[in-house]
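**Student:** I have a structure here, written as structure tokens, and I will follow up with some questions on it.
The values are calculated or read from the model by the stated rules, or taken from the named source; none is laboratory data. As the structure is a computational prediction, the values presented were derived from the model and not from experiment. Here the Cβ positions follow ideal geometry from the backbone for every residue, glycine too, while neighbour counts run over all protein chains shown. Side chains included, ligands, DNA and RNA excluded: accessible areas come from the protein's heavy atoms. Shrake-Rupley method; radii C 1.70, N 1.55, O 1.52, S 1.80 Å.
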Amino acid sequence: MPKFVAFLRGINVGGHRKIPMSDLRRLCVGITSDPGLRSYIASGNLVFAADGNADQLTAAIAGGIKSTFGFDVPVLVLEETYLREALNNCPFPRNAGKLVHGYFCFDDPVLDETRADALKTPTEAVAVDGRTVWLHAPGGIGRSKLAAKMEQLIGVDATARNLNTVIKMVEMLDDR
């Protein structure tokens, strides 16, 4: 059975759109029929095996969350191969951890390089690889003006994960 990763955007942040991970796992096991489905941290990261394709699983999980919890949550389901390739193509050092973020886009991004260049510090760098945009902010993501405006600069909705999380998700795929 094919393996997937699901990233939920904007749950359990600042007390809004709260979803306990045990409830999310239970819901998604019902959708995927994978009793080995696993979550990672409370921000909505899932690894599972399922029949179907990423679009079908995205719709099913988003619909299940809406009917169970009563609110919409953007869900992005990625095939295992996509996440592995994104990590392999990351141009920044693996040990940069939380100073590198991958923005996993819901559609094809188009980076406004002129605006990005105006916002970034001399140490920051951005790289676009398909539907993934990588940001390296050695001074800290929280202080980066570029990070704060990233979705505006790429022109599409995205959900960001730091490099540590992306690496962990690939390790979880390996454990399956």
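**Student:** Give Thr132, Thr114 a once-over and let me know the one that is hydroxyl-bearing (Ser, Thr, Tyr), open to solvent by less than 80 Å² (accessible area, probe 1.4 Å) and out of contact with any His (no Cβ under 9 Å at 6 or more places or on another chain).
**Tutor:** Thr132
**Student:** So which of Pro122, Pro91 is at pLDDT 95 or above, within 25 Å of Leu8 (Cα to Cα) and not polar (S, T, N, Q)?
**Tutor:** After applying the criteria, what remains is Pro91.
To keep it simple, each residue is scored yes or no on (1) assigned to a helix (DSSP H, G or I); (2) modelled with pLDDT under 95; (3) closer than 30 Å to Lys3 by Cα; (4) charged (D, E, K, R).
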{"position": "Val126", "(1), (2), (3), (4)": "no, no, yes, no"}
{"position": "Leu135", "(1), (2), (3), (4)": "no, no, yes, no"}
{"position": "Leu153", "(1), (2), (3), (4)": "yes, no, no, no"}
{"position": "Thr165", "(1), (2), (3), (4)": "yes, no, yes, no"}
{"position": "Lys168", "(1), (2), (3), (4)": "yes, no, yes, yes"}
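**Student:** Just checking, which of Lys18, Lys3 is closer than 20 Å to Phe69 by Cβ and touching a helix residue (DSSP H, G or I) at 6+ places or on another chain (Cβ under 9 Å)?
**Tutor:** Being closer than 20 Å to Phe69 by Cβ and touching a helix residue (DSSP H, G or I) at 6+ places or on another chain (Cβ under 9 Å) holds for just one of Lys18, Lys3, which is Lys18.
**Student:** Find the helices (runs of 4 or more DSSP H) located wholly in the stretch 1-107 whose residues include 2 or more that are surrounded by 14 or more Cβ atoms within 10 Å (Cβ to Cβ) and β-branched (Val, Ile, Thr), and list them.
**Tutor:** Output list reads 21-32, 54-69.
**Student:** Could you list, in sequence order, all residues of the stretch 117-129 that are open to solvent by less than 60 Å² (accessible area, probe 1.4 Å) and within 17 Å of Leu163 (Cα to Cα)?
**Tutor:** Glu124, Ala125, Val126, Ala127, Asp129
**Student:** Can you tell me which residue in the stretch 144-164 is farthest from Tyr40 (Cα to Cα), limited to those that are open to solvent by 10 Å² or more (accessible area, probe 1.4 Å) and touching a residue at least 60 places away in the same chain (Cβ under 8 Å)?
**Tutor:** If we take residues in the stretch 144-164 being open to solvent by 10 Å² or more (accessible area, probe 1.4 Å) and touching a residue at least 60 places away in the same chain (Cβ under 8 Å), then Asp157 is farthest from Tyr40 (Cα to Cα).
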